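Enquirer: For reference, the structure I am asking about is given below.
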Amino acid sequence: ISTPFPADGFVGLKPAARRTIHNNNVWAPWSFLLPSQQPPCLATIRLSELRALPETYVEPWFPLAKTAVEGTDLDWDDVRQDIEEKSILLAAKLVQNRLDLLQSTNDSIAEEKKEEANSLVPSARIAAMVQNRFMDLACREEGEKELERIFVGPDVEGESNDRVIQGAVMAIQSLCIYGTQVGVRASPEKLRRMVSHLDHRRNPDLIQRDLLERWDSGSVRRLKYQLQKTAASELMAELGWKRTPQRAFDLLVALNAWEAHEDVSLLRSGFPLRFSSEELEAATKAKSVTIDPDEILGLRKDLRHLKVFTIDGPSTMEIDDGLSIEKIETADNIEDETRYRIWIHIADAERLAPPGSDLFETARKRITSLYLPRGSISMLPPLVSTDLMSLRSNEDSHALSLGVEINEDGSIDESTIQVAPSLIHVTYRLSYDEVDEMLEEGIGYAEEWELGVLMDVATTRRQFRIQNGSTEGLVPNPIPYNTVSTYSDNNAPDGVGVNVKVEVSHNAGVNQTAESGGNSQALENTVPASSSFMLVTEGMILAGEALARWRKIVLNETSKSAIPSSLRLPYRTQPSPDFLSRERERNTMDNLLELNVGGGLCYSWYVRRFLQSVKVSEVASPHAGLGLKFYVQWTSPIRRFSDLQVHASVKRCLRRQRVGELLNAGKSIPSNLTPQHLGISYMTSEEWIELLEQQKSTEGLTEVLELDTDDLDLDINYMEGVGLVGASRFLQRSSQQYWLYEFVNRLFKEDPDVTFSAVILGCVNPEKQQYAIYVYELGLEHRYLSVTGMLDPGTRLRLKIESVIPRHGVLSFVRVG
């Protein structure tokens, strides 16, 4: 006997039978097709063969502990399978009830029913099993609430078996996981790599804890790592929905849990989307922080006499850097010999989020802030990231400041480097456009002369780095890229507008500015790079090099201290391009540059093959891309966890140095200083108090406070979260791509014949005649298959859209004309 199963699911079969078919991969041959391409019959299987399939093909998904059946005659597998079947039936009934309610006609009676249903509150028993179980499984908090509302009503309240309700919750969680796989085209091995930064522990105790005791961000990451989709497949079959990620996505949209533009890349990534009540409470408590170890030790420097400029985008809320110029008159007061000290002020985030604090742990979970087309997700709660820590204008702010002078050639005068916790007063909060305007109109060289000096310093530094082989000199015409953002648009069918801006990188080439107009063909359809961007960028790079050089100075000073010290820093390093062993490719590259092929874009694309990746190491090495011998990234502690750790390491080093000075002078250590403030994390508070008591009965503490430098700052780990950093880059690229393709999709719908100008950058696969192209209007590097034969680099094309499916990452062009 042969029975065909309809495309809309294995309706009528019990969940166990459906699971058996699923795990036999009966419909696997069609799994790579899009939903619209799948055949009308997904499987044909003999019923006799189905009954004969061994039980080993059944993949369990409910984590029933073996102890649940101990002391009984029940078979563990039978009990588990019974729970799974009843859970799927309950989940399907609850989902269908919710769909019926949401899809009812919009008359007054239907609206009253919806309001009544939404006002229902689950019992304490149900709430304990449902609340927060959909954390980070929907981009909107309201989406999480919609998933919880599925479990409200008599059907769930009438279920007496808690395990069945827990299984139903797991089925909805699995549905969310299944939906996030829409558009993913990867082998199982690649899928595992994509989630490798998530919690991969298969500890049964943790799984049981997640099920029965506490559900938190770690639980969510374990769930996303496991990619458990079996329960979702069974649920969709029971509902009569086709078992594909696209249909799972559609079902969640129908349930109002997800939006039509739900960022599934974000949901897949494992980044926490919202702050817990405990994290928000920690941010509130930061308001009342009164102990400042840097103030106690007299380290905080008052720099409120300096004029401080913060320069950011107009929408930036996390303002973590400012710049100042201090004029240093010579003894003879000769104008030509006037020297300037550049001050870079970075928000003192460590003061409120020191290692060991709740806020530090909050940052550790996220590692970095995310900047996506739909908005940003902060590493720290807004109360601290945009208020208490941020360098707000016309207010006193705590900072970690670095002062430095440069030589005529742009190199750093190491003898002038100063690093100190500080108190500053931000004079002006300016946007990049405002600074550009002030420089263009001459205000930056007159009333606000400090901006002019900062611009001169930036120009000198840029040339210094170019002369030392930086990428800016190697790539004179960088490839412009797109920046995609969204905004509320009532005229759009979905209420979301999309904006695409194409601009030259802010830290590239010779910085063809808005002042020069940028006359290169490479800047077609492109906003020129801004002078103010270069000013800020060079200031931050200067700070990174100066801090790296300061390490040697400060450790030399502390070597004579009563307390040995250390300063661990994460140097960003990059080897020089390897030209010598690749002479043939080097000649090709030189020809592209000399002939200015493609307006310089072909050279800029080709040169990348010589550039090696940037690595982070605690061993100081050159950074060829920046043209520097040493470089440390530390200027964004509100947004990057690694930078926050650098602040902690630097300030602890300064504190240990000051404590050593006190001991050398026979003075006491302040009693409200803790070992944590000094990075002596292995010492308990009790041991520290005992040590201070010993101090009272000795002539100094030199012999008592014997520290091994290997035991300092053990709670600092610069490699922590490297996987999340990589995932954040992939996520931001994926989100940008989706919205760019959505922008193209809207152009295509408006005018199917819309065309774009492109240039061939180079061939990536001669056999397939596949080329890298650059689409000017979109600021897009893309792949193009030629059907007209081989094409030379620099060939200009006119293209029209062949196909675009944003959710599946599909965009193809065809040549016209």
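The values are calculated or read from the model by the stated rules, or taken from the named source; none is laboratory data. Because the structure is predicted, anything quoted here is derived from the model rather than measured. Neighbour counts run over all protein chains shown; Cβ positions are idealised from the backbone, glycine included. Accessible surface areas use protein heavy atoms only, side chains included; no ligands, DNA or RNA. Shrake-Rupley method; radii C 1.70, N 1.55, O 1.52, S 1.80 Å.
Enquirer: Against the definition (buried (at least 20 other Cβ atoms within 10 Å of the Cβ) and not in a helix (DSSP H, G or I)), how does residue 477 come out, yes or no?
Expert: Numbers: buried (at least 20 other Cβ atoms within 10 Å of the Cβ): yes; not in a helix (DSSP H, G or I): yes.
It is true that residue 477 is buried (at least 20 other Cβ atoms within 10 Å of the Cβ) and not in a helix (DSSP H, G or I).
Enquirer: Hey, another quick one. Just give me the residues in segment 761-817 being charged (D, E, K, R) and either surrounded by fewer than 17 Cβ atoms within 10 Å (Cβ to Cβ) or in a strand (DSSP E or B) (or both), in sequence order. Explain how you work it out, then say what you get.
Expert: Going residue by residue through segment 761-817, those that are charged (D, E, K, R) are 767-768, 777, 781, 783, 792, 796, 798, 800, 802, 807, 815.
If the condition is that a residue be charged (D, E, K, R) and either surrounded by fewer than 17 Cβ atoms within 10 Å (Cβ to Cβ) or in a strand (DSSP E or B) (or both), then 767, 768, 781, 783, 792, 796, 798, 800, 802, 815 are the ones that fit.
Enquirer: Quick check, is residue 350 over 29 Å from residue 138 (Cα atoms), part of a helix (DSSP H, G or I) and open to solvent by less than 40 Å² (accessible area, probe 1.4 Å)?
Expert: yes
Enquirer: Could you pull out the residue among 604, 613, 681, 642 that is among the polar types (S, T, N, Q), in contact (Cβ under 8 Å) with a residue 40 or more places away in the chain and either farther than 27 Å from residue 421 by Cα or in contact with a strand residue (DSSP E or B) (Cβ under 7 Å, 6 or more places away or on another chain) (or both)? Spell out how you get there, then give the answer.
Expert: Working: 613 fails: in contact (Cβ under 8 Å) with a residue 40 or more places away in the chain; 681 fails: either farther than 27 Å from residue 421 by Cα or in contact with a strand residue (DSSP E or B) (Cβ under 7 Å, 6 or more places away or on another chain) (or both); 642 fails: either farther than 27 Å from residue 421 by Cα or in contact with a strand residue (DSSP E or B) (Cβ under 7 Å, 6 or more places away or on another chain) (or both).
Step by step, each of 604, 613, 681, 642 is checked, and only 604 is among the polar types (S, T, N, Q), in contact (Cβ under 8 Å) with a residue 40 or more places away in the chain and either farther than 27 Å from residue 421 by Cα or in contact with a strand residue (DSSP E or B) (Cβ under 7 Å, 6 or more places away or on another chain) (or both).
Enquirer: Determine whether segment 486-495 contains at least one residue that is open to solvent by 40 Å² or more (accessible area, probe 1.4 Å), closer than 30 Å to residue 461 by Cβ and either hydrophobic (A, V, I, L, M, F, W, C) or at pLDDT 85 or above (or both).
Expert: No, segment 486-495 contains no residue that is open to solvent by 40 Å² or more (accessible area, probe 1.4 Å), closer than 30 Å to residue 461 by Cβ and either hydrophobic (A, V, I, L, M, F, W, C) or at pLDDT 85 or above (or both).
Enquirer: What pairs come up if the first residue lies in segment 436-450 and is farther than 15 Å from residue 536 by Cα and in contact (Cβ under 8 Å) with a residue 40 or more places away in the chain, the second is open to solvent by 60 Å² or more (accessible area, probe 1.4 Å) and of a type in the set (Val, Ile, Thr), and their beta carbons are under 9 Å apart, counting only those six or more places apart or on different chains?
Expert: Filtered contacts from segment 436-450: no entries.
Enquirer: Now a separate question. Within segment 301-315, count every residue that is at pLDDT below 95 and either assigned to a loop (DSSP other than H, G, I, E, B) or open to solvent by 20 Å² or more (accessible area, probe 1.4 Å) (or both).
Expert: Residues that pass the stated criteria total 3.
Enquirer: Determine whether segment 610-629 contains at least one residue that is open to solvent by 60 Å² or more (accessible area, probe 1.4 Å) and in a helix (DSSP H, G or I).
Expert: No: zero hits.
Rundown of residues vs (1) touching a strand residue (DSSP E or B) at 6+ places or on another chain (Cβ under 9 Å); (2) part of a helix (DSSP H, G or I); (3) farther than 23 Å from residue 216 by Cβ; (4) modelled with pLDDT of 95 or more, yes/no style:
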{"site": "247", "(1), (2), (3), (4)": "no, yes, yes, yes"}
{"site": "250", "(1), (2), (3), (4)": "no, yes, yes, yes"}
{"site": "258", "(1), (2), (3), (4)": "no, no, no, yes"}
{"site": "266", "(1), (2), (3), (4)": "yes, yes, no, no"}
{"site": "287", "(1), (2), (3), (4)": "no, yes, yes, no"}
{"site": "291", "(1), (2), (3), (4)": "no, no, yes, no"}
{"site": "294", "(1), (2), (3), (4)": "yes, yes, yes, yes"}
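Enquirer: Looking only at segment 717-759, which residues are in contact with a helix residue (DSSP H, G or I) (Cβ under 8 Å, 6 or more places away or on another chain), surrounded by fewer than 21 Cβ atoms within 10 Å (Cβ to Cβ), assigned to a loop (DSSP other than H, G, I, E, B) and not polar (S, T, N, Q)?
Expert: Matches in segment 717-759: 718, 720, 754.
Enquirer: If you don't mind, another one. Collect the residues in segment 254-300 that are of a type in the set (Lys, Arg) and open to solvent by less than 80 Å² (accessible area, probe 1.4 Å), keeping them in residue-number order.
Expert: 268, 274, 300 - these are the residues of segment 254-300 that are of a type in the set (Lys, Arg) and open to solvent by less than 80 Å² (accessible area, probe 1.4 Å).
Enquirer: Here is a further query. Filter the strands (runs of 3 or more DSSP E) completely within segment 362-448 down to those with at least 2 residues that are closer than 20 Å to residue 646 by Cα.
Expert: In segment 362-448, 396-404, 418-431 are the strands (runs of 3 or more DSSP E) which contain 2 or more residues that are closer than 20 Å to residue 646 by Cα.
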